[in-house]
Amino acid sequence: MSNLIIGTAGHIDHGKTALVRALTGVDTDRLKEEKERGLTIDIGFAHIEGRATIIDVPGHEKFIRNMVAGVSSIDLVLFVVAADDGVMPQTREHLDILKLLQVKTGVIAITKSDLVDDEWRGLVRDDVQQLVQGSFLANAPVHFVSSVTGHGIADLKTEMLAAAEGVKRNQDTGLFWMPVDRAFSVKGFGTVVTGSVLSGALALGETVETLPEKRVCRVRTLQCQGKSVKSVSAGDRAALNLQALDLGAIGRGDVVASPDYFSASSRFDVSVRLLDAAPQAVGSGTRVRVHIGTAEIMARMSIVESSKLEPGQEGYAQLHLERPATARRFDPFVLRRYSPTVTIGGGRILNADAPRRKLSSSDVLTDFHNMEKQDPAEALEVILLSAGFFVVTIENLASRLAVVQDVVLQLMKPLATEQRIVSLKKRGRPGVAHKARLDLLNDECLRLLQKFHERNPFRTGIAKRELMQQIRPAPDRELFDLVVDLAKSAEQVKETEGLLSLSSYKIKLSEQLESLKRRIEALLLEEEYNTSSESAMARKLDATAGDLADVLGILVATGAVIRVEADVFFHVRHVDAAREKLLAFLAQNGEISIGQFKELINGASRKYAMPLINYFDQLGITMRTGDVRVLQD
């Protein structure tokens, strides 16, 4: 069994720190101010027989943020109520926080039992059981203890360690994840951070990444429960000595994690529930305190398909964080009012790297419902379906699902077998897209092409870049290119000289433009290799510049006319004839100069001979060597 992380909870002055001292022999009040005031201000730590770590948290309402940081990582709660006081305000608030953080297991200790008689102890027990009714503590064992006399301490310790056998860590995905609760400097070693390892394992000398700053550093030394070790894993309380990291670069609220899996975000998509005891409704745009892991972050809450949430109501929301933070899918969080700072609710993260959303759109509720799916394979497909016209990298999927990349590849296999996903690169990195998104992008391309043809009846097609720029949301280039290639293979789309058109589209010219088309061909046939420019053709044929450009573009697109340079055109028959003469000449002579080429094509001027020979170079027929052309290999 891995080590157990136990957290205390309960009202101020109910004896939590004294109880921890009775259980472990350690005084967890380490700060000078705590000693002077007799009041726990920050979290403290103690160990039981090398098998468990107790995190002692403050009970005062002013230090709830420290309490949340302490219990955010626990496996089991030691829920403390004083026999002489009974249930008090922070008893209730701490229980609400524990429920919001999805703590599943606990033991109840009624302290100071030596100060009251049996009848009063019975009343306090009833009071506590009424409080925890319907919660995860409803069937928790109740122990009457005294930290002064030692009564019940041994039995309580045995009960706590026995409870560890049933602890399951659902968020252990194999990736290292440790929220930082303390950071300090040790002379001769440098920066040390401590925290509870919630997932994965870490060995001495390995590299980690600090989040949200994304600094990569090596683990110089490791400790667990105050002893040097070679590795730590989920369930351990760990101290990491991080090499080449300044103390000011990390602190409580940061995370130490496996490198290259996680990123910081300013938006979280979340499911949220307000407590029944929340003092009032929370409207969209409300400023709240978000407690996640060991961090406290200010945020604005935008509610999905509603203007507010009432006390006791559940819903979906997007949290707009005032500074970037890092979380994992399904991590729990607590919400507290900005002022006064009371706990109002909480929930869990659905997407820790959320896009900007129009939360009133018709499909957003479906997206949030889908994000709540527990099965990783279903969740992977949901991510791909909601990715728009974007390729999702394997790295990003691993981060979103909080699993190693090998797990992502395994989850993809059945989807690939069923041809529901397509693998492709994104800026050189392996990625994937859902077939349904490809189909949707294909439909959008066909719709835009049809619209283009209707508006431009005399243009052969549209440039690929221009078509891509019309698509919203703008697609990844890799995905767009794949869709175009598939549409061409399926003979839905054709490409002519870089212009895309529907395969079924045929230009229908008016009688006037058909006449112009014939006259352009006749003129170019007559002029052979000393041809007119576009503007000269318009003058000679008495045509408008627009009509001439449209019809000439059609002739070029259909291959009847070859544009060898910006404003140099030849009829295809003369180009073919020139190519045949050129090949025959080179077969006999091995090389040809520009002067010889001019004579070969009926004495054309250099103005036209050079663009034509360059055109043959571009086709791969010839190549320039000094002042002559030779056949390309």
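The values are calculated or read from the model by the stated rules, or taken from the named source; none is laboratory data. Remember, predicted model here, so these are calculated numbers, not experimental data. A quick note on method: Cβ atoms are made from the backbone with ideal geometry, for glycine too, and the neighbour counts reach across all protein chains shown.
Tabulated values for the structure
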read-out	value
Of the criteria (1) buried (at least 24 other Cβ atoms within 10 Å of the Cβ); (2) at pLDDT 90 or above, which one ASP117 fails	(1)
Considering residues of region 512-529 that are touching a residue at least 40 places away in the same chain (Cβ under 8 Å) and under 60 Å from the mean Cα position of the chain (by Cα) only, the residue surrounded by the most Cβ atoms within 10 Å (Cβ to Cβ)	ILE520
Candidate set: region 365-394, residues that are in a helix (DSSP H, G or I) and over 17 Å from the mean Cα position of the chain (by Cα); chosen: the one nearest to ASP439 (Cα to Cα)	THR366
Candidate set: region 94-127, residues that are assigned to a loop (DSSP other than H, G, I, E, B) and not polar (S, T, N, Q); chosen: the one nearest to PHE144 (Cα to Cα)	LYS112
Residue identified as surrounded by fewer than 17 Cβ atoms within 10 Å (Cβ to Cβ) and of a type in the set (Lys, Arg) among ARG267, ARG252, ARG218	ARG218
Residue that is nearest to SER266 (Cα to Cα) [pool: residues in region 297-332 that are of a type in the set (Asp, Glu) and under 21 Å from the mean Cα position of the chain (by Cα)]	GLU322
Pairs where the first residue, in region 271-293, is touching a residue at least 12 places away in the same chain (Cβ under 8 Å) and closer than 19 Å to SER306 by Cα and the second is exposed (fewer than 14 other Cβ atoms within 10 Å of the Cβ) and aromatic (Phe, Trp, Tyr), C-beta under 9 Å, 6+ apart	THR286/TYR338; ARG287/TYR338; VAL288/TYR338
Leading residue by the ranking (modelled with the lowest pLDDT) among those in region 471-520 that are in contact with a Ser or Thr (Cβ under 7 Å, 6 or more places away or on another chain) and hydroxyl-bearing (Ser, Thr, Tyr)	THR496
Qualifying positions in region 535-558 - without any contact (Cβ under 8 Å) to a residue 60 or more places away in the chain, surrounded by fewer than 18 Cβ atoms within 10 Å (Cβ to Cβ) and farther than 12 Å from LEU513 by Cβ	SER535, ALA536, ARG539, LYS540, ASP542, ALA545
Of all residues in region 593-633 being basic (Lys, Arg) and surrounded by 15 or more Cβ atoms within 10 Å (Cβ to Cβ), the one that is nearest to ALA577 (Cα to Cα)	LYS598
Members of region 422-468 found to be crowded, with 18+ Cβ neighbours inside 10 Å, in contact (Cβ under 8 Å) with a residue 40 or more places away in the chain and not in a helix (DSSP H, G or I), listed by number	VAL422, LYS426, GLY431, VAL432, ALA433, HIS434, THR460, GLY461
Test for ASP29: is it touching a Leu at 6+ places or on another chain (Cβ under 9 Å) and modelled with pLDDT under 75	yes
Subset of region 74-89 [touching a Lys or Arg at 6+ places or on another chain (Cβ under 9 Å) and either assigned to a loop (DSSP other than H, G, I, E, B) or polar (S, T, N, Q) (or both)]	ASP75, ALA83, ASP84, ASP85
Evaluation of GLY312 against (1) crowded, with 20+ Cβ neighbours inside 10 Å; (2) farther than 27 Å from ILE43 by Cα (one fails), failing number	(1)
Flag for ASP172 being surrounded by fewer than 22 Cβ atoms within 10 Å (Cβ to Cβ), under 29 Å from the mean Cα position of the chain (by Cα) and under 20 Å from THR53 (Cβ atoms)	yes
Filtered residues of region 340-381 (kept if acidic (Asp, Glu) and either touching a strand residue (DSSP E or B) at 6+ places or on another chain (Cβ under 9 Å) or at pLDDT 85 or above (or both))	ASP353, ASP367, GLU372, GLU378, GLU381
Residue check, LEU397 over 12 Å from the mean Cα position of the chain (by Cα) and crowded, with 18+ Cβ neighbours inside 10 Å	no
Members of region 185-209 that are in contact with a helix residue (DSSP H, G or I) (Cβ under 7 Å, 6 or more places away or on another chain) and not small (Gly, Ala, Ser)	THR191
